[in-house]
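Notes for the one structure printed next.
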Amino acid sequence: MPSAAGNGEPYRSPPGAPSDATAFEALLAEVLRDAIRDLDSITGIVYLMEDNGGWLRAAMIGGSPPAIFAMPERMTLDAPYASSTACRSGTVVVFGEPVMRADDPGLARVVPFPYAVASTPLHAHGSRFGALTLIRIPSRVGFMNEEKRRRLRGIGDRLARSLAPLAEHCLPLTSTDKPLLLPEFSSDLPQPSGRTAGWGLPDVPGSSGMTLMYQLHKLSAALNQTTETHGVVVAARSRLMYPCHAQSLILSIVSDGRLWVAGHCGIAPDNLRQLHGSSSDSPTPVADALHGRDPVLFPDRAQLLAAYPDAQDDGQRAWAFLPLRSSGNPVGVCCLGFAEERVFEPEEQAVMMMMADLLGQALDRARLSEREHALAESLQRGLLPRILRDLPEMITTARYMPACPAVGVGGDWYDGITLPDGRICLVVGDVEGHGVESSAVMGQLRSAVLAYARENHGPAAILTRTSHLLAELDTELLATCCCVRMDVADGAAEVALAGHPAPLVRRPDGRVDALDVPADVPLGIHSAAPYRAYETTLAPGSLLLLYTDGLTPRQSSEAVAGVHTLLAAGSQDNEHSLEGLADRLIATAPKAPERYDDAVLLLARYERAALDTQHRISRMEIQRHDLQGVQETRQFMRDNLRSWGRDAMTDDLELMASEVVTNALIHADSDVELRLRDYPDHIRLEVRDSDVSPPVPSSLSATEEENAQAEHGRGLIIVDGLATAWGSSPSGRGKTVWLELSNRDVA
């Protein structure tokens, strides 16, 4: 345990307190041992308050397995555990006893394992220090009678009075990395001996080994709760790096004969670059550890240089390279760096290798899970429309947000279908479940709806036919759907639902309401009743919102109210783009890891029945990789701006259009569509492609990792400097890069 002073210097206690850190540990051990023995318990734990006062952290745990490993290590002060309740209330609290007193605190009795728990507060001199908690197997009559409660309270008060002088001198009481473990073995069993430096209590047989095994247990528990590489890195940092007092951590994985950094902590970027992408057969300690089964350890730099004369100086003085394996196959290497020279004792090496085995298996599972999720998400996005085909009178945008990887990709979809007679059909649907099957069924349903819509069926007939099709498919999945067919000539709209949330509409006056459409049954359910259509007329300037329930989980009143508020506020934005509003709406969806469902929204604003001279639109398409399209783009911009009387804007817009279109043609690997819109106070250009990577000007990129995943350094600095506003909006399988130039910026 670190010195109580927290700065590495020998601890010097004030009068009345333990004389040094060892004596402080001895005090906790003595009190804990007395409490366990005196009150016939199997495990005890001393929780001490963290500096912020909002958390309790285990300082020492005594007893025997398995209960010693099941104790919560850290909890908030307002948690419903016995320890938190005792510290908070200042009374002895007993949970899990079959006979409960009438005057027990009326709080939830949380016992995370089948034991009885008794906890007494550690209060003295008007201060709260924590709680002393005991665990035992409950008896039918209860083990905490009045007399035992008084004894437990007396033991706790004695410990609190000893802690008070430390607090008065502002000395921290808790360790920041690991609790100390105090083994209590039966007298008829042999007791382990020996101590590993830096682990456990001195002169307490078995403490080192049990403290090491405690961290192994906690690492295993943490890894069982993650399915992502990032979670494995976090667990390695908190349960291996910090408890071992390492200064740096690198988790590398092997792929295609090369080592790649999966996560790191406390290491300089230059040192990472030398490892990231290096050959797995290079003469380095990392590569050698990868192909071996034993750890590669260097207690000091002299030994490292003797084995690897060209080894870089990363500021560390000792190293441990642990091979990570899964099913006997190499997965990667865990590299630990230490600021001081150190000896790796056999007991510590054994536990570190057990931890490495757990990390290797967890990394392998995480990579498999991420590959499966990427495949499902790729399938999902591939089945969504690349772009939304809209009419000049109807402006649309959409957003799709997949569920978190632990849940899997669902079957949400959207579509905007331009019909042969000039009308437009808007569709949003949701196939139940998550995974590849849901995505595959979604693709079938989207194709069916598209075909039925183009056959000029109305929304109710489209849903009826699609429901029959789904019922005939070899699947047990159901789906919900919302279908809107809009006549842009007069604003007439037909709406039908199949168990789906009703569309929201924002009127030109800012009023927001849900269309009163009968919900009917989901697709795939045999029903004698046909789907029903609701008819309404939308005034120019009306905004429709179609969405799936991932946007408002469980249709909670708070979430729906939040969407209503954002829609209403959007009427005050004075912006002609839906992109900003769509971004704000999708931001209301839960964030990972709480996002248990996909979220889709489709926004459509009905502009007006006939375009006037102050609202014009023009579009063009460029074939993929057609670099001549940049020249055609410049001509397209000049011709339209001249015909619209916008000659003063031509130079700036032509230059910006060239840069954005060049990026799309070179990096998106898709067809590119341009839409140029003329508004009374500004011109708007939209460039749509199938690349989801966001464009980022190179000078604004924050990190090298961001640069690796974003378009950058490709003239977007020019766009950023000339445009009144610009941005990138993901939509389906790609994105829309938009920019605006207002009249005042060229006056």
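Data table
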read-out: Verdict on residue 134 being modelled with pLDDT of 90 or more, within 30 Å of residue 212 (Cβ to Cβ) and buried (at least 24 other Cβ atoms within 10 Å of the Cβ); value: yes
read-out: Close pairs (6 angstrom Cβ cut-off, 6 or more residues apart or separate chains): closer than 13 Å to residue 381 by Cα and open to solvent by 70 Å² or more (accessible area, probe 1.4 Å) in region 432-451, aliphatic (A, V, I, L, M) and modelled with pLDDT under 85 anywhere; value: 436/376
read-out: Per-region count, region 612-631, residues without any contact (Cβ under 8 Å) to a residue 24 or more places away in the chain and open to solvent by 90 Å² or more (accessible area, probe 1.4 Å); value: 3
read-out: Cβ pairs under 7 Å, 6+ apart, first in region 63-85 and within 24 Å of residue 37 (Cα to Cα), second part of a loop (DSSP other than H, G, I, E, B) and modelled with pLDDT of 85 or more; value: 72/81; 73/179; 84/77; 84/78
read-out: Single residue of 103, 34 found to be modelled with pLDDT of 85 or more, of a type outside the set (S, T, N, Q) and out of contact with any Asp or Glu (no Cβ under 6 Å at 6 or more places or on another chain); value: 34
read-out: Selection from region 522-540 of residues that are under 36 Å from the mean Cα position of the chain (by Cα) and either under 25 Å from residue 564 (Cβ atoms) or free of Cβ contacts under 8 Å to residues at least 24 places away in the same chain (or both); value: 522
read-out: Test set (1) under 21 Å from the mean Cα position of the chain (by Cα); (2) modelled with pLDDT of 85 or more - residue 584 fails condition number; value: (2)
read-out: From the options 514, 502, residue that is over 16 Å from residue 458 (Cβ atoms), within 32 Å of the chain's Cα centre (by Cα) and crowded, with 17+ Cβ neighbours inside 10 Å; value: 502
read-out: Pair list, Cβ < 9 Å and 6+ apart or interchain, from region 238-250 residues that are free of Cβ contacts under 8 Å to residues at least 24 places away in the same chain to residues that are assigned to a helix (DSSP H, G or I); value: 238/218; 238/219; 238/222
read-out: Count of residues meeting criterion [modelled with pLDDT under 90 and closer than 29 Å to residue 341 by Cβ] in region 219-238; value: 0
read-out: Flag for residue 25 being open to solvent by 10 Å² or more (accessible area, probe 1.4 Å) and touching a residue at least 24 places away in the same chain (Cβ under 8 Å); value: yes
read-out: Criterion (over 30 Å from residue 213 (Cβ atoms), modelled with pLDDT of 90 or more and part of a helix (DSSP H, G or I)) met by exactly one of 356, 287, 362; value: 287
read-out: Residues that are hydrophobic (A, V, I, L, M, F, W, C) and open to solvent by less than 40 Å² (accessible area, probe 1.4 Å), drawn from region 354-383; value: 355, 356, 359, 362, 363, 366, 376
read-out: Any chance residue 37 is out of contact with any Pro (no Cβ under 6 Å at 6 or more places or on another chain), assigned to a strand (DSSP E or B) and open to solvent by 20 Å² or more (accessible area, probe 1.4 Å); value: no
read-out: Cross-chain or 6+ apart pairs with Cβ under 7 Å, region 333-345 first and more than 11 Å from residue 245 (Cβ to Cβ), then among the hydroxyl-bearing types (Ser, Thr, Tyr) and part of a loop (DSSP other than H, G, I, E, B); value: 345/196
read-out: Top-ranked residue in region 473-499 [being among the small types (Gly, Ala, Ser) and more than 25 Å from residue 598 (Cα to Cα); ranked as surrounded by the fewest Cβ atoms within 10 Å (Cβ to Cβ)]; value: 489
read-out: Tally of residues being among the aromatic types (Phe, Trp, Tyr) and either under 17 Å from residue 148 (Cα atoms) or surrounded by fewer than 23 Cβ atoms within 10 Å (Cβ to Cβ) (or both) across region 40-58; value: 1
read-out: Residue in region 479-497 that is assigned to a helix (DSSP H, G or I), among the acidic types (Asp, Glu) and in contact (Cβ under 8 Å) with a residue 12 or more places away in the chain present; value: no
read-out: Boolean, residue 196 is at pLDDT below 90 and open to solvent by less than 10 Å² (accessible area, probe 1.4 Å); value: yes
read-out: Residue in region 61-100 that is modelled with the highest pLDDT, counting only those that are open to solvent by 60 Å² or more (accessible area, probe 1.4 Å), part of a loop (DSSP other than H, G, I, E, B) and under 15 Å from residue 44 (Cα atoms); value: 81
read-out: Residue match in region 320-331 (condition: out of contact with any His (no Cβ under 9 Å at 6 or more places or on another chain), among the β-branched types (Val, Ile, Thr), under 16 Å from residue 241 (Cβ atoms) and outside any loop (DSSP other than H, G, I, E, B)); value: no
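The values are calculated or read from the model by the stated rules, or taken from the named source; none is laboratory data. Not measured: the values here are computed from a predicted model. As a convention, Cβ positions derive from the backbone with ideal geometry for all residues, glycine included, and neighbour counts pool all protein chains shown. Just so you know, the surface numbers come from the protein's heavy atoms only, side chains and all, with ligands and any DNA or RNA stripped out. Shrake-Rupley method; radii C 1.70, N 1.55, O 1.52, S 1.80 Å.
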